[in-house]
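Student: Sharing a structure with you now.
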Amino acid sequence: MAKPRVREFLSTLNLCSPLDLDPEDRDLLFEAHEAASKAYAPYSRFHVGGAVRLANGVVVRGSNQENMAYPSGMCGERVAVFAAGAQHPDVAMTAVAIASPSPNALAHAFMPCGGCRQVLVEAERRQGIPLRIILQVRDENVMISESALNLMPFAFDAKGLGVALED
Ligand code: THU
């Protein structure tokens, strides 16, 4: 049998103490924690906040919004990214902080779900500059990804459909 061809994708997460964060990242995480306090999550009781920093310095917040019809709910980071896209369609997003105060969450296992990664990757591709992702549970150590694609190797995109994005 012919040797299979391999496509590799190196994915890197930076881990750091909250004390070592840049002031901008620390502020954005603070905003994400504030946003988490506004979550509507009566079903899971897992509160998540997202804060998007735009290239012009504006910060847009979101939090998870659940619904009794469970699939109708939405994750916190996706609410934030969609709100940023809806309110500031022409401004790039430079970073998204995602935070949860949940007492049950494991700090190193707190990651955006696949659907949110798909949305983050598309926001990044649309704007053409990297979108940093900053994750924190409670006041524990922070994980940073320098791009959205780094969290979603071999992501699906419009090229897979053979269509060009117009916007
Ligand atoms: N959730 C988020 O908001 N973001 C994540 O990164 C993971 C999960 C929400 C969805 C749902 O409201 C609750 O957390 C439990 O899954």
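The values are calculated or read from the model by the stated rules, or taken from the named source; none is laboratory data. Everything numeric in this text was worked out from a predicted model, so none of it was measured. Glycine gets a Cβ as well: all are built from the backbone with ideal geometry, and neighbour counts include every protein chain shown. For the accessible areas, the whole protein counts, side chains as well, though only heavy atoms, and no ligand, DNA or RNA atoms are used. Shrake-Rupley method; radii C 1.70, N 1.55, O 1.52, S 1.80 Å.
Student: Taking into account only those residues within the stretch 98-112 that are closer than 15 Å to Cys75 by Cβ and not in a loop (DSSP other than H, G, I, E, B), which is farthest from the ligand (Cβ to nearest atom)? Lay out the reasoning, then the answer.
Tutor: If we filter the stretch 98-112 for residues that are closer than 15 Å to Cys75 by Cβ, which is where we start, we get 98-100, 102, 105, 110-112.
Going one step further and asking which of them are not in a loop (DSSP other than H, G, I, E, B), we end up with 98-100.
Values: Ile98: 6, Ala99: 10, Ser100: 8 Å.
Here the answer is Ala99.
Student: Here's something else I'd like to know. So which of Arg7, Arg61 ends up being open to solvent by 50 Å² or more (accessible area, probe 1.4 Å) and in a strand (DSSP E or B)? Steps first, please.
Tutor: Values: Arg7 fails: in a strand (DSSP E or B).
Matching residue, one of Arg7, Arg61: Arg61.
Student: In the stretch 68-97, what residues are farther than 17 Å from Asn56 by Cβ, in a helix (DSSP H, G or I) and more than 12 Å from the ligand (Cβ to nearest atom)?
Tutor: The one that is farther than 17 Å from Asn56 by Cβ, in a helix (DSSP H, G or I) and more than 12 Å from the ligand (Cβ to nearest atom): Phe82.
Student: With respect to Val59, determine if the residue is under 18 Å from Leu120 (Cα atoms) and within 16 Å of the ligand (Cβ to nearest atom). Break it down into steps so the answer makes sense when it comes.
Tutor: Working: under 18 Å from Leu120 (Cα atoms): yes; within 16 Å of the ligand (Cβ to nearest atom): no.
So Val59 fails the test.
Student: Can you say whether Glu140 is open to solvent by 20 Å² or more (accessible area, probe 1.4 Å) and part of a helix (DSSP H, G or I), as far as the supplied structure shows?
Tutor: Numbers: open to solvent by 20 Å² or more (accessible area, probe 1.4 Å): yes; part of a helix (DSSP H, G or I): no.
So Glu140 fails the test.
Student: Among the numbered conditions (1) within 11 Å of the ligand (Cβ to nearest atom); (2) in contact with a Phe, Trp or Tyr (Cβ under 6 Å, 6 or more places away or on another chain); (3) open to solvent by 40 Å² or more (accessible area, probe 1.4 Å), tell me where Arg117 comes up short.
Tutor: For Arg117, the exception is condition (2).
Student: Go through the stretch 125-137 and give me each residue that's open to solvent by 20 Å² or more (accessible area, probe 1.4 Å) and either over 21 Å from Val48 (Cα atoms) or in a loop (DSSP other than H, G, I, E, B) (or both). Working first, answer last.
Tutor: Residues of the stretch 125-137 that are open to solvent by 20 Å² or more (accessible area, probe 1.4 Å), as a first pass: 125-130, 132.
Passing the criteria: Arg125, Arg126, Gln127, Gly128, Ile129, Pro130.
Student: Now for a separate question. Based on this model, can you work out whether Gly162 counts as within 11 Å of the ligand (Cβ to nearest atom) and loosely packed, with under 12 Cβ neighbours inside 10 Å?
Tutor: Answer is no for this residue.
Student: Pairs please, first residue from the stretch 33-54 and touching a residue at least 24 places away in the same chain (Cβ under 8 Å) and among the hydroxyl-bearing types (Ser, Thr, Tyr), second anywhere and more than 9 Å from the ligand (Cβ to nearest atom) and open to solvent by 60 Å² or more (accessible area, probe 1.4 Å), Cβ atoms under 8 Å, 6+ apart in sequence or on different chains.
Tutor: So the pair list comes out as Ser37/Pro101; Tyr43/Met68.
Student: While we're here: All but one of (1) more than 17 Å from the chain's Cα centre (by Cα); (2) more than 24 Å from Glu124 (Cα to Cα) hold for Leu10; which doesn't?
Tutor: Tallying (1) more than 17 Å from the chain's Cα centre (by Cα); (2) more than 24 Å from Glu124 (Cα to Cα), Leu10 fails exactly one: (2).
Student: Moving on to the next point. Tally time: how many residues in the stretch 12-41 are open to solvent by 90 Å² or more (accessible area, probe 1.4 Å) and over 14 Å from Val142 (Cβ atoms)?
Tutor: Result for the stretch 12-41: 2.
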